[in-house]
Each structure stands twice: as C-alpha cells, then as structure tokens.
1. Just from its helices, what would the mean residue ellipticity at 222 nm be for the chain, if runs of 4 or more DSSP H residues each count -39500 (n - 2.57) and the sum is divided by every residue, rounded to the nearest 500 deg cm²/dmol?
2. Taking N as the number of residues in the stretch 2-134, what is its alpha-carbon radius of gyration divided by 2.2 N^0.38 Å?
3. How high is the relative contact order of the chain, in percent, with contacts defined as C-alpha pairs under 8 Å that are six or more residues apart?
4. Specify which residue in the list 5, 123, 19 is farthest towards the positive end of the charge dipole of the chain, using unit charges on the beta carbon of Lys, Arg (+1) and Asp, Glu (-1), about the Cα centre.
5. If the chain between residue 120 and residue 1 were fully stretched, how many nm would it gain, using 0.36 nm times the residue separation less the Cα-Cα distance?
Amino acid sequence: MKLAFIDSDVLLDVILNRPAFYSASAQILSLPVSGGYNFCTAVHTLINVHYFTKKHLGSEAAIGAIKLLSKQLQVLGEDAKTIDDAIASDFKDFEDAVQYFAAKNAGVDLIITRNIKDYKNSTIPVLTAEQFLNTL
C-alpha cells in the first residue's frame, strides 16, 4: 500500500467548497483504502485547516472538519528534525517546507497539492489532485 500526503490546500478546497478545485480534491478524500493508497497529512496542516475553517465557517464547522479528517487520514507527527530540515531548506514557503519534511521523514510515496511549484525542490513526486486521479 502506498502512502500519499495531502497538503493543506487540497483539504481546504474540500472543506471550504472552493468551486474551481472542489471536485478532484473531494474525489481523493472519498477514495476507498482498497485503491492502493493510504492518505496522510501533518499535525500542523490540521491546525491550518482549523484556523481557516473557523475563520470562514465558524468554530463548530472547524471542529467537525478536524474530527472527520483525523479519523480519515493518518496524521503525521512533526518534531525538531522536521522544523530544522524546513529551516535549512531551499523552500520559499515555511509551511510547505514543514509539510514536505513531515512527509519525507514519514517515507511517503507522493504529495498531492494544488501548488506544485511550491514543491519544486521535492525529491518526492508531487501531483495535483487531478493528476493523481488520472494515475488511478
């Protein structure tokens, strides 16, 4: 079974129902485990999802989203090594760097994001939600 990391943009596209991106992202979250992939995300990714969901939809919706995602996805821990790796990296965006190194340190097989350019220094394959669905 392969492990695919889902970054915050993809999760927020579903939770905030962003019309241009919702469909493919929602399809990924509804895939059965029997599809050959387990899906994961990072602890701080869920914190970001909570923050933006609370800001746009309220506290109750934010808590509901986190409860659902934490049951549906494997949640990867982050430690000092993750942060140190992110700080020392060439990533322009610190959040993306932390997500990347959480994924890398967990041995994920690929990253699913809306912003491939944010992961240009990745040694892990990076796909959009649409690209990932086309591989199935």
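Bear in mind these aren't lab numbers, they're just calculated from the coordinates by the rules spelled out. Quantities reported herein were computed from a predicted structural model and do not represent experimental measurements. Cβ atoms come from the backbone with ideal geometry, glycine included; neighbour counts cover every protein chain shown.
1. Working: 7 runs with 73 residues, N = 136.
Mean residue ellipticity at 222 nm (helix-derived): -16000 deg cm²/dmol.
2. Working: Rg = 13.9 Å, N = 133, 2.2 N^0.38 = 14.1 Å.
For the stretch 2-134, the normalised Cα radius of gyration is 0.99.
3. On the way: 191 pairs, mean separation 40.9, N = 136.
Once normalised by length, the contact order is 30 percent.
4. Among 5, 123, 19, the one farthest towards the positive end of the dipole of the chain is 19.
5. Numbers: separation 119, 0.36 × 119 = 42.84 nm, distance 2.55 nm.
Gain on stretching residue 120 to residue 1: 40.3 nm.
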